[in-house]
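None of the figures in this text is laboratory data; all of them are computed from the coordinates on show. Nothing here was measured: the structure is a model prediction, and the numbers come from that model. Backbone-built Cβ (ideal geometry, glycine too); neighbour counts: all protein chains shown.
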């Protein structure tokens, strides 16, 4: 699902809201989640899951195309852990 599809579905579900207001609402939610993660905070959406940032250590890797050695510095990676309700919904089939 793309962000525009999410906005469209919400507009169908809430016909009394203007499309522009729904777009602003969705953008605000995603911006706030992004800012919290960028600050290193954990974002938990009950029933859905939790987003956390994990630090990856610096390491030496290899470019598979050229076989050259490449040094990768320390970096952050996004980690998502699904909540109980989402896991139950995914595994109910």
Shape box of the chain [Cα atoms, principal axes, largest first, Å]: 57, 33, 29
CD proxy at 222 nm, helix term only [per DSSP H run n ≥ 4: -39500 (n - 2.57); per residue of the chain; nearest 500]: -13000 deg cm²/dmol
Convex hull (Cα only) mean projected area of segment 42-93, reported in nm² to one decimal: 5.6 nm²
Relative contact order for the chain, counting Cα pairs under 8 Å that sit 6 or more residues apart, in percent: 20 percent
Exposure proxy ranking, count of Cβ atoms within 10 Å, fewest first, for 33, 22: 33, 22
Tilt relative to the chain, helix 3-13 - C-alpha long axis, 0 to 90 degrees, to 10: 20 degrees
Euclidean distance of C-alpha centroids, segment 68-93 and segment 16-44, integer Å: 20 Å
Radius of gyration and maximum dimension Dmax of segment 1-40, Cα, Å: 11.7, 37
